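Encoded as structure tokens, the structure appears first; notes follow it.
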Amino acid sequence: MKRLFLCLVLVLGFAQFNYLGAQEEQVYLGSIIDIPAPVASIQGAVVALSVYLGDPSGTAWQTVQYSAGQTWYMDIVVANFSSSTQSFKLEYDLRYGDGVGYKVTRTSNSIAGLNAVNYRIDVTSYVKKLGLFTLTGRVYGKGMGNDNKVTAQAYVF
């Protein structure tokens, strides 16, 4: 699992992104067939691996010194451990302002077998509000397991 995560971090670090103003984007991260780490058990075919506040280059940030004109995204990395294409629902949950303010977005997606994809949405208008942010990404649908979510926090000042 450490190798899978390291591989995803390296791929995300070198990924090139194309921004055409779409609400949601996805970046193909590559095949997971050749990863030599066996998976003992998984709770579903499609698994959310990480969630983070990212800049246009795809770099994850835990603390952000915000200035006008910057663009920020909520990124969720999802892997499909099944050998076939799987359909799933993806939920983005961004909380800020001591939990009073929030943005929840749900989308339907599909992912090819034995692949990892980075899904992202633009959250710049929320990051402008500054403070502590709690990001939760969740994958759900038939055969996706009971608790398939990841959570992270970021501080924007």
>> Run the simple label-point estimate for Ser125 and Ala68 please: 7 Å along Cα→C-beta, distance reported in nm.
In response: 1.8 nm
> Where nothing but the Cβ of Lys and Arg (+1) and of Asp and Glu (-1) is charged, how large is the charge dipole of the stretch 46-157 around its Cα centre, in debye to the nearest 20?
Replying inline: 220 debye
> How far apart, in nm, are two points set 7 Å out from the Cα along the Cα-to-Cβ line at Phe157 and at Ser83?
Replying inline: 5.2 nm
> What are the radius of gyration and Dmax of the stretch 89-145, computed over its Cα atoms and given in Å?
Replying inline: 13.5, 39
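No value in this document is a laboratory result; all are computed from the given coordinates. Just so we're clear, the structure is a prediction, and the values are computed from it rather than from any experiment. Neighbour counts are summed over all protein chains in view; Cβ atoms, including those assigned to glycine, are modelled from backbone coordinates with ideal geometry.
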